[in-house]
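Okay, so here's the structure we're looking at.
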Amino acid sequence: MFIGGFSTSFRNRLYQARLPADTGPEQAGWVLDPRPIIADPPKGAWDAGGMHTPSYVPPHHAHGARIYYAGRGGARHYGRGSEYAIGVLTQDPRGRWARHAAPVLRGWPGRPSVLEPLVIAVDSGYRMWFLATPHEVAPGEQPDYELRVTDSTDGIRWDPSRRFTATEEGYFDNAVYPTPDGWEMTLARGTNLHGTTPYPDQGLWVMRAATPSPDRAAWSTPQRVLDTAAPAIPSWMARGVCGPSVIPLSGRRRLVFVTGTYDVESWWQAARLRMTHARRVAVPSPFFLATGTMNVTYVK
């Protein structure tokens, strides 16, 4: 598992976690390697402010494995002035990762931030869905999210993108994966990072298609499969989920990994909760994220 993490040195880096040998993905026991998979970008680089949301693609055609990610140059994580672009790491035959010096995708006037890449291999090369937004949402703001899609023959030079979901739908990111019955897409609306009220409903939705088509019309109407405002939702995802990653199991069972935002009012509240359970106090932060998993059975 490749994940983005906020380190105790206040840097966002990319890490990996592994399951013990002979352990299936439904079982617990993930072990996080505390070493980032690659060194920090050089000072002044377009992604020197942090590396986020990795999307792994296995070797394809003549190309080795890739990890696409969102990077930011400045210190701002959200709000006006925060700006993201999408970059890529490539893996050599010895398993070492190398950073492509320039971003492979940038934003444009009106939507200068592009992030949350989801890349899959297709016959013609690579297909990427990504989020385009004016900036990551700040306290008190409403999200302005638009998912877009683009293709590439080599995974470096990308065609002009087109809109896949509209701002009114509010989707933040997605997962696309094959199943015995065709293809599925799981979509998330992001999370209410700052506890803004009111705020769009959060959770997960699923669409289906015969192929991983870039055309929205080829996909079914979204079906909601998770409401994070429902009773008994655990605190770690009570403000919504994002970053879905799905492993199809037998039948219509799916193992769904997500990142959730804790429903805590402040760092002080989080610190009290953790001390109550004899846990280390978290690094001060305006919000807190966690990665977890759900065993979901989809219905037709």
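The values are calculated or read from the model by the stated rules, or taken from the named source; none is laboratory data. Being a predicted model, the structure only gives us computed values, none of them experimental. Backbone-built Cβ (ideal geometry, glycine too); neighbour counts: all protein chains shown. Note: areas computed on protein heavy atoms with side chains; ligands, DNA, RNA excluded. Shrake-Rupley method; radii C 1.70, N 1.55, O 1.52, S 1.80 Å.
Annotation: amide H of I38 within the under-5 Å range of L14, sequence separation 5 or more or interchain, hydrogens built in the peptide plane. What is the pair-distance distribution P(r) of the range 19-98, computed from all Cα-Cα distances in 5 Å bins starting at 0, with each bin given as a whole percent? For the range 19-98, the binned pair fractions read 3, 13, 17, 18, 19, 15, 9, 5, 1, 0 percent. What base-10 log of the normalised intensity I(q)/I(0) is obtained for the range 168-211 from the Debye formula, alpha carbons as equal point scatterers, at q = 0.15 Å⁻¹? Each listed q corresponds, in turn, to -0.45.
Tell me, what is the percent relative contact order of the chain, built from C-alpha pairs under 8 Å that lie six or more residues apart? Computed value for the chain: 9 percent relative contact order. Measuring spread by the Cα atoms of the range 88-132 yields a radius of gyration and Dmax of 13.1, 42 Å.
With Cα atoms as the point set, the range 143-300 shows a radius of gyration and Dmax of 17.5, 53 Å.
Scalar couplings 3J(HN,Hα) for the range 140-155, obtained by applying the Karplus form with A = 6.51, B = -1.76, C = 1.60 to θ = phi - 60°, are x, 8, 9, x, 10, 10, 9, 7, 10, 9, 8, 10, 8, 7, 10, x Hz; x denotes Gly and Pro.
What accessible area per residue comes out for the range 103-157, rounded to a whole number of Å², with a 1.4 Å probe?
35 Å²
Taking V246, V57, V114 as the candidate residues, the one with maximal mean-square fluctuation in a Gaussian network model of the chain, Cα springs under 10 Å, is V57. Calculated on C-alpha atoms, the gyration radius of the range 37-160 divided by its Kirkwood radius gives an Rg/Rh of 0.98. Around the Cα centre of the range 1-139, unit charges on the Cβ atoms of Lys, Arg, Asp and Glu (plus for the first two, minus for the last two) sum to a dipole of about 460 debye. When a 1.4 Å probe is rolled over the protein heavy atoms, the share of accessible surface on the range 180-224 that falls to carbon and sulfur comes to 53 percent.
Here is the P(r) of the chain: all C-alpha pair distances, binned every 20 Å from 0, give 33, 62, 5 in whole percents.
With R₀ set to 41 Å, the beta-carbon distance separating R163 from M275 gives a calculated FRET efficiency near 0.30.
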